[in-house]
Amino acid sequence: MPTISMTVNGKSVSAEVEARTLLVQYLRESLGLTGTHVGCDTSQCGACVVHVNGESLKSCTMLAAQAEGADVTTIEGLANGDELHPMQEAFRENHGLQCGFCTPGMVMSALDLVQKNADPSEREVREWLEGNLCRCTGYHNIVKSILAGAKALRG
Amino acid sequence: MSETGIGVAIKRVEDLRFLTGNGHYTDDINQPDQSHAWILRSPHAHAKLNAVDTTKAESAPGVIAIFTGVDMAADGVGGLPCGWQIHNKDGSPMAEPGHPPLAVDKVRHVGDQIAIVIAETRDQARDAAELISVDYGILDAAINMDAALAGTTLVHDDVPNNRCFDWEIGDKDATDAAFGNADHVVSIDLANNRLIPNAMEPRAAISEFDRTTGRYTLYTTTQNPHVIRLLMGAFVLNIPEHKLRIVAPDVGGGFGSKIFHYAEEAILTWAAAKVHRPIKWTAERSESFVTDAHGRDHETHAELALDKDGKFLGLRRRDQGQCGALTSQPSARASRPISTRHFWRVCTRHRRFMPKCRPYSPTLSRWDAYRGAGRPECTYLLERLVSKAARDLGFDPVELRQKEHDSGRPVPLSDTGRAPVRLWGFPGDIRKRPKGIRL
Ligand code: FES
Ligand code: FES
């Protein structure tokens, strides 16, 4: 079994895993970071989105071994103690979630969007969310949340 | 205005944990010494199980135990019940064929459960399931209404013509008389397609058995823990309620599909007492597609009788649906006609008659209430029918509804069984509807 090492939410971690272990399995099952979810087996839902070296990626579609040496951020790595990240706060303020299952993926995806495009239009937000599915909200408040979060981050 | 009262936006208490990745969904839970299950499912819509050979799989790495429907039947495990039956129009009870949690003699839809493999890891359980050899005697499938209706393929040998029930409601003579006096009769045929609810969180469960107390605990993705305790305990596994605890953690969407008691819950709970270890199971999305209770899936013919001024005189409706191969519960077969009936009464005070509501059992996944449980279908039917009447007869669609509304008394309480409701689309709202919504 290969040994893998990476940084997750600022902490160095290392483990022996079966070669077929997916990054999401490693995060959820070995590290207990269950904020990253699995909603499908076809890379479609985006509930599993995390950042790998600063880019949003579907952690169900990547082997843990492929993240060797990488810097990984999950939803658990965003808030500063009790203080929510502005994007998390925007979701909370704008009712951007209901059951919350898609939410970690939505937030992680949104953050990659705003680091590439600080002032996205509503259309750009909707297009960016192509790879993230939500069955509860109808997306409208998610889009509102992301626009508000982007605004807050621009300061 | 107070800071927390009416009119003030209230922050949801659960958002903090959901937004920080600290939600507590079933698959997030792990128990000490937990084992993992994979369910072997049928790739065929309809097939005899001539033989299920688990020998090779039993010696695969990590495997703790494998059970089939024969094992559960030998243990006296019952079938999953329909908790809300309905009678045929002749007074006889609806057909309620057996629904074994693991199939015994044959499989009746793609995804039907054949065996549970319990192993140290989920991957090991899944690998071992691939080693189970099943000798299928493939039978003809009945995958749509016509095929099910024809009855040439019987999904259950003891259910003639695959008919679950044939139900009617209303006042036939008065309705026929209203239609006889009508100046206009407008009719419509509608199909509501079958759909898969697809909550973002796939179904999952963890079962535990404490042999020192004889107590069972089941964590499950459910909207309805109390009913599962009742149905699973009393009807399927014969466990007294005080020995059975059902825990519903955070649920990642359900839309009705997580109301019902599912076979996997019974299989896992039963098996936990066999292996004396907690057992965890989480569905893949592909399994959700074929095993979560589907919604809608019915065909309707409806007629509206009007006088020359556009006054409504009567309504007739005939409905046929596909209820899937195996009974769902608690409300599978009954919920839709009953909810629909309720809503139909609320929305019309005219002579109405529903001569047929007949679900059939094709070789499809189970079917049950979904988002509104009959009410959206009823609204859709009534609004489409009235719009068609307006179009065909040259009335303005808003005025036709307005006239109906203005002429009316509120539906009497006794007629709806619930609060009085004003009729017909709340005309003020109709007028205020966003541009682009055509009636
Ligand atoms: S779990 Fe659905 S895209 Fe990764
Ligand atoms: S909030 Fe439930 S799936 Fe998005």
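Rule-based calculations on the coordinates, nothing more; no lab input. The structure presented is a predicted model; accordingly, all values stated were derived computationally and were not measured. Ideal geometry is used to build each Cβ from the backbone, glycine not excepted, and the neighbour counts take in all protein chains shown.
The figures follow:
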{"item": "Centroid-to-centroid separation of segment B:382-397 and segment A:61-121 [C-alpha atoms, Å]", "result": "48"}
{"item": "FRET efficiency for residue A:122 and residue B:211, using Cβ-Cβ distance with R0 set to 41 Å, rounded to 0.05", "result": "0.10"}
{"item": "Shape category assigned to chain A from the gyration tensor of Cα positions, a/c cut at 1.5", "result": "prolate"}
{"item": "Kirkwood-Stokes translational diffusion coefficient of segment A:104-155, alpha-carbon pairs, 25 °C, 0.890 mPa s, µm²/s", "result": "226"}
{"item": "Where GluC sites (Glu not before Pro) fall in DSSP loop in segment A:55-113, at most 12 other Cβ within 10 Å", "result": "A:68"}
{"item": "Cα convex hull of the protein assembly as shown, projected area averaged across orientations, nm²", "result": "31.5"}
{"item": "Hz values of 3J(HN,Hα) by residue in segment B:376-391 - Karplus curve (6.51, -1.76, 1.60), Gly and Pro given as x", "result": "x, 5, 5, 4, 4, 4, 5, 5, 5, 5, 5, 5, 5, 4, 4, 5"}
{"item": "Prolate/oblate/rounded label for segment B:187-326 (Cα gyration tensor, a/c 1.5)", "result": "prolate"}
{"item": "Whole-Å distance, taken between Cα centres, linking segment B:116-149 and segment B:263-288", "result": "16"}
{"item": "Pairwise label distance in nanometres, residue A:71 with residue B:309, each label 7 Å out on the Cα-Cβ vector", "result": "7.8"}
{"item": "Least to most buried among A:37, B:301, B:44, B:276 (fewest other Cβ within 10 Å first)", "result": "B:276, B:301, B:44, A:37"}
{"item": "Residue-by-residue Karplus 3J(HN,Hα) for segment A:124-132, coefficients 6.51, -1.76, 1.60, Hz, glycine and proline x", "result": "5, 5, 4, 5, 4, 7, 3, x, 10"}
{"item": "Average other protein chain Cβ within 10 Å of Cβ, residues A:80-87", "result": "1"}
{"item": "Packing-based exposure ordering (other Cβ within 10 Å, fewest first) of B:126, A:20", "result": "A:20, B:126"}
{"item": "Helical mean residue ellipticity (222 nm; -39500 (n - 2.57) per DSSP H run of 4+; nearest 500) of the protein assembly as shown", "result": "-8000 deg cm²/dmol"}
{"item": "Average beta-carbon neighbours from other chains, 10 Å sphere, peptide A:92-100", "result": "6"}
{"item": "Förster-model FRET efficiency, 30 Å R0, residue B:121 and residue A:112, C-beta, rounded to 0.05", "result": "0.40"}
{"item": "Largest-first ellipsoid semi-axes for segment B:177-221, taking √(5λ) over the Cα gyration tensor eigenvalues, angstrom", "result": "55, 18, 6"}
{"item": "For residue A:41, distant residues with modelled amide H under 5 Å away", "result": "B:285, B:286"}
{"item": "Nonlocal amide H pairs with residue B:142, under 5 Å, H built at 1.01 Å", "result": "B:363"}
{"item": "From phi via Karplus (6.51, -1.76, 1.60), per-residue ³J(HN,Hα) for segment B:219-232 in Hz, x at Gly/Pro", "result": "8, 8, 6, 10, 8, 8, x, 5, 5, 5, 4, 5, 5, 5"}
{"item": "Cross-link table A:58/B:11; B:243/B:274; B:48/B:274, entries beyond 20 Å C-alpha to C-alpha", "result": "A:58/B:11; B:48/B:274"}
{"item": "Within 10 Å of each Cβ in B:188-201, the average number of Cβ atoms from other chains", "result": "3"}
{"item": "Cβ-Cβ FRET estimate between residue B:161 and residue B:190, R0 fixed at 30 Å, reported to 0.05", "result": "0.80"}
{"item": "Whether segment B:1-124 is rounded, prolate or oblate, judged on the alpha carbon gyration tensor where a/c under 1.5 counts as rounded", "result": "oblate"}
{"item": "Long-range amide H partners of residue B:314 with built H, under 5 Å", "result": "B:305"}
{"item": "Percent of C-alpha pairs per 5 Å bin, segment A:25-85, short to long", "result": "4, 18, 28, 28, 15, 6, 2"}
{"item": "Fewest-first sequence of A:106, B:145, B:200 by Cβ atoms within 10 Å of each Cβ", "result": "B:145, B:200, A:106"}
{"item": "P(r) of segment B:108-266 over all Cα-Cα pairs, binned every 10 Å from zero, in whole percent", "result": "8, 21, 27, 25, 11, 6, 3, 0"}
